[in-house]
Each structure stands twice: as C-alpha cells, then as structure tokens.
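Here's the structure we're looking at; comments come further down.
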Amino acid sequence: MALRNSRISVAASAVDRSSQIGKFPALKARQPREGFVQFHLNGFEPGDPEIKNPAQRAVASGSSGPAPAEVDILVVGCGPAGLTLAAQLSAFADIKTCIVEQKPGPLLRGQADGVACRTMEMFEAFGFSERVLKEACWINETTFWKPDPAQPQNILRSGWVRDTEDGLSEFPHVVLNQARVHDFYLDIMRKSPSRLEPYYARRLLDLQIDPAGATAGKSFSGSNTLLKKFVREYMATSATISMTFASV
C-alpha cells in the first residue's frame, strides 16, 4: 500500500507541474515535445540527452597549447562561480580573459543539483533558462509523511506545502545535474565573441603582484587561504600580476 501511495504522489506531482505553467508567464509558450516524457529517466548520463547516440553526446571542450602569458583577467577554477564570471566576461572580445582548471576536463557528474528560482532568473539573463527548464525536475511542492497509525509498517501523506511562494519569482525551483549547467555555461562561452575555452589540467603554483609596475610586490605559492588573502590585499590597487602554472 505504501508503494502505491508513493506512486500516486509522484503522478500527482507530474500533473501539478503542468498546471504550474500558468503561474510562470515566461513559460506559457513552452510546449513539451512529442515523444519525450522525461530526460535522465534511468540515472544521469553526461552530455546532451537529445543526442541519441551516447558516444556522440560529449562536446569537445578546452583550449590546446600553453596558457597565455598575459591576460586582463584570470579566472582560476571551472566551478559554478568561475564559469558564471567567465561566461559574462566572454561577451567582451576586447577583454582578454583566461580560465584554468586543474581537472583534466569538464565536469561529468555534479554534486550540487538544486537550482533556486533566483538562479533561474540569472540563467534567463544568460539565455539558457529554457534549456534548464526542459531537462530539469520541477520542485513544485514539498510533501510530508508519517507512519500510518492503523498499519505502522506503512506511511501516510500528512500534508504538503508549495515549494516556491506565489509572487516570489516567475521561475520555479528545479533540480538538474550540475554537469549539465556547466555544459550550458561552456556553450555560451564557446559561442561568445571571444570564443572562450578553459585550459584544463592547469594548477596555479605562484602569484606575484606588483602594485608599482616593477618587481616589488610579495610573491609565494601556498594554500588557497593564503593565496586568497594575498589577492584581496591588492584587489583595489592597479597592479602588474604574473602567475606560474604547472600542467597536472
């Protein structure tokens, strides 16, 4: 009985999702494609799920050759924050941006899959919110369960609440594997005026900042904590910055 109740709850959530479209004006024109019931049905697989052949889903990513010796802005790390910044900067071809990542390639499976409605608003600004909405699981409600007093081996639904309160955002709270969000950022960067691509398998070893334009600043290589503290010390200063990288 508990299993059947669970299935009923899942089915109701699916109906709720379609009924929620009227709540989000930006989504009214979006219609489900015939033949597609659910993406990532049997577990997440990297790449674009609309490409039928799994071997062709992965898009080649990454710049070849050495990282540039001089850049206007260096982004270290291809996490969500680094890719957000790099995607924004990639729109400006006159700003020489470089992004490096110590991993050998793009993220294949993520670990932070929840996407808040405010984050969806940011994705809308970048132009890929529709892609996220299409693949994601929409979290429209939170359901509460308790043991069945009459049959303790089963559970009963005791209540539910809306996940996102009315009027908070035109977008829902969704869940999508972090790797797909990274894919969308990389696609934006790849198609941008600067055609920005990450340099993978690169680790930052040393950073030197010269606020006077000559070799007079501090330099060291060490922990991320010390490095961040050192960079903050000179953030507001016009400076010459040089870095040393090593292939991983």
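Looking at segment 82-113, which of its residues are open to solvent by 80 Å² or more (accessible area, probe 1.4 Å), modelled with pLDDT under 90 and of a type outside the set (A, V, I, L, M, F, W, C)? Break it down stepwise before answering.
Within segment 82-113, the subset open to solvent by 80 Å² or more (accessible area, probe 1.4 Å) is 85, 88, 92, 94, 96, 102-104, 108-109, 111.
Next, from what is left, pick out any that are modelled with pLDDT under 90: 108-109, 111.
Matches in segment 82-113: R109, Q111.
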*What residue, of G35, G79, is modelled with pLDDT under 50 and more than 22 Å from N140 (Cβ to Cβ)?*
G35
*Given (1) of a type outside the set (G, A, S); (2) part of a loop (DSSP other than H, G, I, E, B); (3) within 15 Å of Y199 (Cβ to Cβ), index of the condition V59 fails*: (3)
*Subset of segment 152-192 [open to solvent by 20 Å² or more (accessible area, probe 1.4 Å), within 15 Å of E124 (Cα to Cα) and either among the β-branched types (V, I, T) or at pLDDT below 90 (or both)]*: I188
*Specify which of the listed residues (G79, G105) is within 19 Å of F44 (Cβ to Cβ) and without any contact (Cβ under 8 Å) to a residue 60 or more places away in the chain.*
G79
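Based on what the data block shows, is F144 of a type outside the set (K, R), modelled with pLDDT of 80 or more, touching a Phe, Trp or Tyr at 6+ places or on another chain (Cβ under 8 Å) and open to solvent by 80 Å² or more (accessible area, probe 1.4 Å)? Spell out the reasoning first.
Values: of a type outside the set (K, R): yes; modelled with pLDDT of 80 or more: yes; touching a Phe, Trp or Tyr at 6+ places or on another chain (Cβ under 8 Å): yes; open to solvent by 80 Å² or more (accessible area, probe 1.4 Å): yes.
Yes, satisfied.
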*asked:* more than 30 Å from L205 (Cα to Cα), part of a loop (DSSP other than H, G, I, E, B) and either open to solvent by 70 Å² or more (accessible area, probe 1.4 Å) or modelled with pLDDT under 80 (or both): which single residue out of R4, R17, R30 fits that description?
replied: R30
*Check off (1) part of a helix (DSSP H, G or I); (2) within 25 Å of R195 (Cα to Cα); (3) open to solvent by 50 Å² or more (accessible area, probe 1.4 Å); (4) not small (G, A, S) for F123 and give me the number that stays unchecked.*
(3)
*Kindly indicate which of G110, G167 is on the phi > 0 side of the Ramachandran plot and either in a loop (DSSP other than H, G, I, E, B) or polar (S, T, N, Q) (or both).*
G167
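Take V71 and decide whether it is in a loop (DSSP other than H, G, I, E, B), more than 17 Å from R109 (Cβ to Cβ), open to solvent by less than 50 Å² (accessible area, probe 1.4 Å) and among the β-branched types (V, I, T).
On the way: in a loop (DSSP other than H, G, I, E, B): yes; more than 17 Å from R109 (Cβ to Cβ): yes; open to solvent by less than 50 Å² (accessible area, probe 1.4 Å): yes; among the β-branched types (V, I, T): yes.
Against the criterion (in a loop (DSSP other than H, G, I, E, B), more than 17 Å from R109 (Cβ to Cβ), open to solvent by less than 50 Å² (accessible area, probe 1.4 Å) and among the β-branched types (V, I, T)), V71 qualifies.
The values are calculated or read from the model by the stated rules, or taken from the named source; none is laboratory data. Model, not experiment: these values are computed from the prediction. Quick reminder, even Gly has a Cβ in these numbers, built from the backbone with ideal geometry, and neighbours come from all protein chains shown. Each accessible area value is taken on the protein alone, full model and side chains, heavy atoms only, with ligands, DNA and RNA left out. Shrake-Rupley method; radii C 1.70, N 1.55, O 1.52, S 1.80 Å.
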